[in-house]
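Chemist: Pasting a structure here, questions to come.
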Amino acid sequence: MKWYHLPGLTLTGEPTIQKVKAGGKNICIIEYDNKLYALGASCPHAGAELSGGWCKDGKIICPFHRYSYDLETGKGSPGQNDYVDAYPIEIRKDGIYIGIESFWDRIGL
Ligand code: FES
């Protein structure tokens, strides 16, 4: 897994969704209930931008058809049978980092 620094990203103390690009992927950085989460930015249902959505009850809600995804796991709500990628995120002394596995990491090479 490779860790990417997210320069310019700051914690606001408020519920926010910020879209960033790291490791060639578009990612939503979500601040919710004093925790940070990182999920893929594209809704798997029909491709809407999840960064235009909002959070409720530990889930991000898509602005198009209101599908919802768990902030921790990216798993879709019951009945959806889908998910968004969830990424580990760390706050370090010099900033916020996101961990992204490459295809080669996943197949163990
Ligand atoms: S595009 Fe997200 S719920 Fe349909």
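Just so you know, all these numbers are worked out from the coordinates, no wet-lab data involved. If you're wondering where the values come from, they're calculated on a predicted model, not measured in any experiment. Neighbour counts are summed over all protein chains in view; Cβ atoms, including those assigned to glycine, are modelled from backbone coordinates with ideal geometry.
Chemist: Where does the chain land at 222 nm, in deg cm²/dmol rounded to the nearest 500, when only DSSP H runs of n ≥ 4 count, each adding -39500 (n - 2.57), divided by all residues?
Modeler: After summing the helix terms and dividing by residue count, I get -500 deg cm²/dmol.
Chemist: Mind giving me the nanometre distance, one decimal, between the label points for Asp94 and Lys56, set 7 Å out from Cα along Cα→Cβ?
Modeler: Label-label distance for Asp94 and Lys56, simple model: 4.2 nm.
Chemist: Here's a follow-up. Taking each pair of distinct Cα atoms in the chain once, what is the resulting Kirkwood hydrodynamic radius in Å?
Modeler: With all distinct Cα pairs of the chain included, I get 14.2 Å.
Chemist: Okay, which of segment 48-85 sit inside 14 Å, backbone N to the point 7 Å along the Cα-Cβ direction of Lys35?
Modeler: 56-60, 70-75
Chemist: How big is the charge dipole of the chain about its Cα centre, in debye rounded to the nearest 20, if each Lys and Arg gets +1 on its Cβ and each Asp and Glu gets -1 on its Cβ?
Modeler: In total the dipole reaches around 160 debye.
Chemist: Follow-up question, since we're still on this one. For the chain, set up a Gaussian network in which alpha carbons nearer than 10 Å are linked by springs, and say which option among Pro44, Pro78, Pro88 fluctuates the most.
Modeler: Pro78
Chemist: Follow-up. Excluding Ala22 itself, what net charge comes from residues whose Cβ is under 14 Å from its Cβ, given Lys and Arg +1 and Asp and Glu -1?
Modeler: +1
Chemist: While we're on this one: Step through the residues of segment 28-45 one at a time and calculate ³J(HN,Hα) from phi using the Karplus curve (6.51 cos²θ - 1.76 cosθ + 1.60, θ = phi - 60°), rounding each to whole Hz and writing x for Gly and Pro.
Modeler: These are the phi-based 3J(HN,Hα) values: 8, 9, 10, 9, 8, 6, 6, 10, 10, 9, 9, 10, x, 8, 9, 6, x, 5 Hz.
Chemist: With springs only between Cα atoms under 10 Å, which of Ala86, Ala22, Ala38 fluctuates most in a Gaussian network model of the chain?
Modeler: Maximum fluctuation in the GNM of the chain, among the listed residues, is at Ala22.
Chemist: Now for a separate question. If exposed trypsin sites (Lys or Arg not before Pro) are those in a DSSP loop with at most 15 other Cβ within 10 Å, what is the longest stretch of the chain that has none?
Modeler: 1-65
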